[in-house]
Structure formats: C-alpha cells, structure tokens
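Shown next, in structure tokens, is the structure this report addresses.
The values are calculated or read from the model by the stated rules, or taken from the named source; none is laboratory data. None of these values were measured; they are calculated from a predicted model. With ideal geometry, Cβ positions are generated from the backbone for all residues, glycine too; neighbour counts draw on all protein chains shown.
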Amino acid sequence: MIRRGCVALLAFLVLGLASAVRAQSPVPCGPFTQDHIASPEPREAAPAVARFDRIKTAVGTEPYRALFLGDSLTERFDPQVWQQHMAPRGVLNAGVNGDRSEHLLWRLKHGNLAGPPPAAVIVLIGTNDLGHGRPPEQAAEGIRAVLLYLRQQLPNARILLLGLLPRSASSDAGLRRKVAAVNQLIQGCGDNRTIVYADLGGLLLDSQGRLTPAIAPDQLHFSQQGYDLLAPRLDALIDGILPRR
C-alpha cells in the first residue's frame, strides 16, 4: 500500500510539473516527443535559395500586415485567388516549395522576419515532414518549434495555425491518417487569443471524404477550385486576427 501510494504521489508530481511547464510556455502544447528533431538548416536547391532571397527582400522593403509562411501549398497558391483574397488584406506569400519545418525555421532565423513586424502570421507547414518519413509526433514538434520562435520574435503578432491539409485520395491512406494524427496534436497549440488553430481540410473533401482529382490533381497540391474552396474561410480567419484598419 505504501509503495503504491508513493508511485501515485510521484505520478501526481510529474503531471503537475508538466502542467506548470506548459503554463509558462508561450505555446500551450507539447512537447510531443522526446526524440531529437531536425536542426534548422538551409535549402541548397537554386529555386529555394532564390525564393528565400525574394521573401527576405520583400519583408525588408515593404510593410506587410501578415506573412503566410509555408511550403509549396502556400507558394503555389492560385495567383488569381490570391489577388482576390490575400493581396487586399496585405498578406505576403512567404511559402517555399519543398520546405520542411526545419527549413522554415532556418528562414525565419536568417532574414525572412527581417523587416517591420507584421500584425499577424499564418502558418501552414509540416506535410513535407510526413512525406520525408517522419512520424506525426516529430512533425508536430517541428511545427511547435516554429511557433515557439515566432512567439519569441513577434510577441505582439497573432498567429493563425492551420492544420495540415488532406493528402491522398482515400481517407484510409497512410499519409491521410498521419495528417489527422498531426492535427490532433497541434490543435492544442491554439489558445484562441495569441494562437488561433483552424482545420480547413474538410472543405476540400467530397461527401465520402475523398480528395478528388478536380481539387488535388496529384493528391497533394490544389487546383484553382481547391483554393476557391479554402479562400472564404481563410478570409474570415485572417480578418479575425488582424487589427481593423
């Protein structure tokens, strides 16, 4: 009985300590794994380097109300839909094709925040972490590392954290299940004040939960029709985190 009591007391103290650590953290979630996650590192591919340089120049020369950070799903945002919805809100497309969470974190530390601080940041990163073979816990921890750095560097900016968007045609596909697992973890990073979490994936699926070729021809990247489905909800979310003009 005494031994069981001691074990129970120890478990209570450990849980209490973990809760206290989370309460003191600027991001109210995780850590999601004790495994080592990839350190920030630059991309070497010429298109990625050129894109990084263009974003760095843009943030340093013109004030933007919001930065939309991400990978190819951001960089390849349909231009017509972007001009209709994002540009009028003063959002800079700061996505880089092929980026994983460690690449985004490196960019943030080496110039992609080197300008007037934006009022808001939209974050959509992590699908390439899964595509690289990482388990959901490591992908979620990479996203959390990005959030922690943003909270440190932009303490007054509000963050819209987007859940990973669906990939693969079927709801039973391995990558689709991993996307759902990541989103289950990172949804706790939102506090509806400094960090707002939103999962928009359902907007892209048909009534059977399938990601059709009309929406995602390669089961990952979206057509204009796909971005048309996302844009109205994104508009409302971004308007909700930006101060009134």
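Here are the numbers:
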| read-out | value |
| --- | --- |
| Residues of the stretch 142-159 classified as in contact (Cβ under 8 Å) with a residue 60 or more places away in the chain, more than 11 Å from the chain's Cα centre (by Cα) and under 13 Å from residue 101 (Cα atoms), total | 1 |
| Residues being of a type outside the set (S, T, N, Q), in contact (Cβ under 8 Å) with a residue 60 or more places away in the chain and out of contact with any strand residue (DSSP E or B) (no Cβ under 8 Å at 6 or more places or on another chain) - total across the stretch 53-84 | 2 |
| Among (1) assigned to a loop (DSSP other than H, G, I, E, B); (2) within 20 Å of residue 222 (Cβ to Cβ) - the single one residue 156 does not satisfy | (2) |
| Those residues of the stretch 1-56 which are modelled with pLDDT under 95, closer than 21 Å to residue 150 by Cβ and in a helix (DSSP H, G or I), in sequence order | 21, 22, 23, 24 |
| Residues of the stretch 159-184 satisfying the condition of being closer than 15 Å to residue 218 by Cβ and not polar (S, T, N, Q) | 165, 166, 167, 169, 173, 175, 176 |
| Unique residue being more than 28 Å from residue 35 (Cα to Cα) and outside any loop (DSSP other than H, G, I, E, B) when the list is 146, 59, 123 | 59 |
| Any chance residue 99 is acidic (Asp, Glu), within 19 Å of the chain's Cα centre (by Cα) and within 18 Å of residue 46 (Cα to Cα) | yes |
| Conditions (1) touching a Gly at 6+ places or on another chain (Cβ under 9 Å); (2) surrounded by 20 or more Cβ atoms within 10 Å (Cβ to Cβ); (3) among the hydrophobic types (A, V, I, L, M, F, W, C); (4) under 30 Å from residue 152 (Cα atoms); number of the one not met by residue 195 | (1) |
| Set 94, 87, 114: member being small (Gly, Ala, Ser) and either touching a strand residue (DSSP E or B) at 6+ places or on another chain (Cβ under 6 Å) or crowded, with 22+ Cβ neighbours inside 10 Å (or both) | 94 |
